[in-house]
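The values are calculated or read from the model by the stated rules, or taken from the named source; none is laboratory data. Just so it is clear, the structure is predicted and the values come from calculations on it, not from any experiment. Ideal geometry is used to build each Cβ from the backbone, glycine not excepted, and the neighbour counts take in all protein chains shown.
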Amino acid sequence: MAEPVGEQELGYERLGAPKLSLLDCVAQSVGFIGPVFSSAFVIPLIVGVISATGKGAGGAAPLAVLIAAIGIFALGWIVATFARRVHAAGSLYDYVTTSLGGNLGVASGWLYYTGTIALTAGLIVLMGGYLHDTLDAEFHHPIMAGWLWSLVIALGIFLILYLGVQISTRVQLTLALVSVAVVLAFFLYVIAKLGSANDVAKAFNPNSSPDGWAGVLFGVLYGVLIFVGFETAANLAEETAEPKRQIPRAVLLSVVIVSVFYLIAAYVEVAGFHFDLNAVLSAAAAPLFALASPSEAGGFGSTTLVRIMELVVLLDMIAVAVGASVASTRGLFAMARDRRLPKALASVSPRYGTPLGAIVFLTVIDLLFIAANQWWTSLFALPPPNPHYFAIFSWASTYGAFALVVVYALMSIGAVVDGFAGRDRLTVGLIVAAIVGFAISAGAIFGAIYKVPSPTKLAPYYAIVVFVVGLVISFIVKGREPASQALGDLRSEGAAATS
């Protein structure tokens, strides 16, 4: 049981006792990233066969993933630099506040956490529809309506969040381990079956893209999106033992682990189709399932294997939803504790030490999304045959990804500002990481806007509105000194913390 929590130390609310390990923190970041889910549905964007621009890396998708991974590692280095000094649940909200000031920090917090909330709620809607339609297609018996599946998932996540942060991280760890292990084993099996048809050099040759380096760079823009959420281990800083050491390690280790998985996934999803982009296009909706299909259908598996893949993708989606929920609730709690959001959102469960007010608020948003999907069928509607639940998820994921990468860019700027202000060491490595991190974030912002179809294309503009509203409110609602600065255990000394 958590130690008693509540109004402590100058009236600042506190979460449960810091007892999470490095493994818990890695589970949070990897769980949010959702490598299996992204390998199933997002890698075709990198290839370019389903992107709005029609451009992508083609057969050089692994090269685009590698470049994106380098850029994300640079961002991870910046997160690690901040995490050595700031150990608060607000993570990027607190980092931007520390470096660029309270007003930009609040606006960034509004943008970042509305982004994670949108990702959470949109994914819960998607899972309900996915589960219903998959059961209907495979067994002709969906058991219950999609919105009821979403409701069950939302209430299940509420219980996981409420009953303790270790339960949340262990659920993510279990789901991610099972799903990644199954899919990775299958990818290695495909590589073995390809035998002499393997061509790693071709996968890393920019000429394998129909548009050469231009196509590879478009692939990189979309490639950044498969890493979104890598930084969310930092949201667990207050609940982690030795956060100054464990959070930086968790963030960087998560990037490395997922990068290796994505490189294998990207390679298999082009080499498995013998680098034939027309074949990839024919399976664009789900190349993972196409590769797992029976040999007579052009795959390497069986009907049973397809069903197993459908199951592990669902498990990974649940892990993503739990990870996004954990990040969202900690961020809402941190901002409310600083009185930049209503105080009720900072309430903490006396028994479990979890941010109860934020958990309830997030669950209400989830329920509103479920209701909108069921009864407001014109909301964010896409042309047939796209189901409405996919349209809502498409909008929510576009909004969420755009919101997060904008804050990544601001954090990159803030790292350099901190260096010049003497709050941290201004090293060549930090400057390079900030430049690369800002460039990769700017590219992802461009990718989220360029030729995106309506109504999804409006999501980034809504994000800009939210940022402006947050900025205006930051001048009206002054709040109080951030907990990350007022409470001694939530911060370390500046430059010394980087040594």
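Points to keep in mind about this one:
- Candidates in the stretch 420-439 are the residues that are more than 15 Å from Ala74 (Cβ to Cβ) and not aliphatic (A, V, I, L, M); of these, the one that is surrounded by the most Cβ atoms within 10 Å (Cβ to Cβ) is Asp424.
- Selected residue (criterion: nearest to Val472 (Cα to Cα)) from residues of the stretch 332-354 that are among the hydrophobic types (A, V, I, L, M, F, W, C) and in a loop (DSSP other than H, G, I, E, B): Leu341
- All told, Val326 falls short of being in contact (Cβ under 8 Å) with a residue 12 or more places away in the chain, part of a helix (DSSP H, G or I), closer than 19 Å to Gly128 by Cβ and out of contact with any Pro (no Cβ under 7 Å at 6 or more places or on another chain).
- Among the conditions (1) crowded, with 18+ Cβ neighbours inside 10 Å; (2) not in a helix (DSSP H, G or I), Ala176 misses just one, which is (2).
- Residue match in the stretch 157-173 (condition: under 20 Å from Ile308 (Cα atoms), within 25 Å of the chain's Cα centre (by Cα) and hydrophobic (A, V, I, L, M, F, W, C)): yes
- Some residue of the stretch 344-352 being crowded, with 24+ Cβ neighbours inside 10 Å and not hydrophobic (A, V, I, L, M, F, W, C): no
- Residues (small (Gly, Ala, Ser), in a helix (DSSP H, G or I) and surrounded by fewer than 21 Cβ atoms within 10 Å (Cβ to Cβ)) located in the stretch 272-291: Ala279, Ser282
- Exactly one residue among Ile359, Ile392 is modelled with pLDDT of 90 or more, buried (at least 19 other Cβ atoms within 10 Å of the Cβ) and closer than 18 Å to Thr232 by Cβ, and that residue is Ile359.
- Odd one out for Met335, checked against (1) out of contact with any strand residue (DSSP E or B) (no Cβ under 8 Å at 6 or more places or on another chain); (2) without any contact (Cβ under 8 Å) to a residue 12 or more places away in the chain: (2)
- Screening the stretch 98-123 for residues that are β-branched (Val, Ile, Thr) and more than 16 Å from Ala483 (Cβ to Cβ) and picking the one that is nearest to the chain's Cα centre (by Cα) gives Thr116.
- Listed by first and then second residue, the pairs linking a residue in the stretch 132-153 that is more than 23 Å from Ala372 (Cβ to Cβ) to a residue that is basic (Lys, Arg), with Cβ atoms under 8 Å apart and 6 or more places separating them unless they lie on different chains, are Glu138/Arg307.
- Residues (modelled with pLDDT of 95 or more and farther than 25 Å from Pro18 by Cα) located in the stretch 228-256: Val256
- Note on the stretch 8-28: residues that are without any contact (Cβ under 8 Å) to a residue 12 or more places away in the chain and either among the basic types (Lys, Arg) or touching a Lys or Arg at 6+ places or on another chain (Cβ under 8 Å) (or both) amount to 1.
- Qualifying residue in the stretch 245-255 (condition: over 12 Å from Pro62 (Cα atoms), buried (at least 21 other Cβ atoms within 10 Å of the Cβ), in contact with a strand residue (DSSP E or B) (Cβ under 7 Å, 6 or more places away or on another chain) and in contact (Cβ under 8 Å) with a residue 40 or more places away in the chain): yes
- The set of residues from the stretch 76-97 being over 12 Å from Pro482 (Cβ atoms) and assigned to a helix (DSSP H, G or I) comprises Gly76, Trp77, Ile78, Val79, Ala80, Thr81, Phe82, Ala83, Leu92.
- Among the residues making up the stretch 371-385, those that are surrounded by fewer than 15 Cβ atoms within 10 Å (Cβ to Cβ) and closer than 19 Å to Leu119 by Cβ are Ala371, Leu379.
- If you check Ile124, Ile167 for being buried (at least 22 other Cβ atoms within 10 Å of the Cβ) and assigned to a helix (DSSP H, G or I), only one passes: Ile124.
- Sole residue being within 22 Å of the chain's Cα centre (by Cα), more than 21 Å from Ile247 (Cα to Cα) and either of a type in the set (Val, Ile, Thr) or surrounded by fewer than 24 Cβ atoms within 10 Å (Cβ to Cβ) (or both), chosen from Ile153, Ile143: Ile153
- The set of residues in the stretch 144-179 being in contact with a Phe, Trp or Tyr (Cβ under 8 Å, 6 or more places away or on another chain) and of a type in the set (A, V, I, L, M, F, W, C) consists of Leu163 alone.
- Scan of the stretch 373-387 for residues that are free of Cβ contacts under 8 Å to residues at least 24 places away in the same chain and either polar (S, T, N, Q) or not in a loop (DSSP other than H, G, I, E, B) (or both), ordered by number: Trp375, Thr377, Ser378, Asn386
- Yes/no for Met411 being at pLDDT 95 or above, within 26 Å of Val42 (Cα to Cα) and surrounded by 23 or more Cβ atoms within 10 Å (Cβ to Cβ): yes
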